[in-house]
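Asks: Take a look at the following structure, please.
Just so it is clear, none of the values below were taken in a lab; they were calculated from the coordinates. Note that the structure is predicted; figures quoted are calculated from it, not measured. Using ideal geometry, Cβ is built from the backbone for each residue, glycine included, and neighbour counts are taken over all protein chains shown.
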Amino acid sequence: MYQISRAIYRELAPYVEPPRTGESCGASARHAQLLRACEAVVERLGREPYSFADPARTLFQDIRSYFPMNAQERVHRVVFVYMELARRFVKEHPLLGYTAVAGEPPRCRATTRKGETCRRTPLPQNGYCPSHQHLAETEDHELELVAA
């Protein structure tokens with residue numbers, strides 16, 4: 001997953017606008033902020049694939065101020081292409097994506113009756129273990145009601 005954030009950074013780094021006169025942060029600080037923003041969004045996508053609605057839009061909003069106006073279209077295109085690849089990878093390999101980011105296998109999103117997080121491995125399609133599968137169906141029903 002970090003290969004994706006680094007690829008975004010490598011493609012966009014040459015277009016980072018130098019700091020204006022009077023700004024306190026230098027060019028290296030802007031590059032570091034760009035890299036941190038890319039890594040944060042990719043990490044969040046790996047950890048929370050079910051609740052992160054639009055990672056590409058989030059990343060673009062976070063980094064667009066580092067680039068001049070004539071580079072905005074390129075930045076937008078690069079971000080959306082790479083984040084689509086990341087989203088597809090997480091969708092096809094949800095357990096692997098989480099493990100790559102977190103360093104440990106994922107856990108079920110539900111909590112037990114004691115209030116602790118469930119320790120079982122979730123199913124790939126929704127993030128809940130077989131015991132808590134009914135919670136995913138409840139979420140789907142709530143989304144249908146909101147849409148109506």
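Asks: In terms of modelled amide H atoms, which long-range or inter-chain residues lie less than 5 Å from the amide H of Arg120?
Replies: Amide H neighbours of Arg120: Cys108.
Asks: How large is ³J(HN,Hα) for each residue in the range 46-59, as worked out from phi by the Karplus curve 6.51 cos²θ - 1.76 cosθ + 1.60 (θ = phi - 60°), to whole Hz, x for Gly and Pro?
Replies: In residue order, the calculated couplings are x, 7, 10, x, 8, 10, 9, 5, 9, x, 5, 5, 4, 5 Hz.
Asks: Exposure proxy check: Lys114, Lys91 ranked by fewest other beta carbons within 10 Å? Spell out each step's value before the answer.
Replies: Numbers: Lys114 5, Lys91 12.
Placing the least packed residue first, the sequence is Lys114, Lys91.
Asks: In Å and from the alpha-carbon atoms only, list the Rg and Dmax of the range 28-107.
Replies: For the range 28-107, the Cα-based Rg and Dmax read 13.4, 44 Å.
Asks: OK, next. Calculate one ³J(HN,Hα) per residue across the range 75-90 by plugging θ = phi - 60° into the Karplus curve 6.51 cos²θ - 1.76 cosθ + 1.60, and present them in order as whole Hz with x for glycine and proline.
Replies: Values per residue, Gly and Pro as x: 4, 4, 5, 4, 4, 5, 5, 5, 6, 5, 4, 5, 4, 5, 4, 5 Hz.
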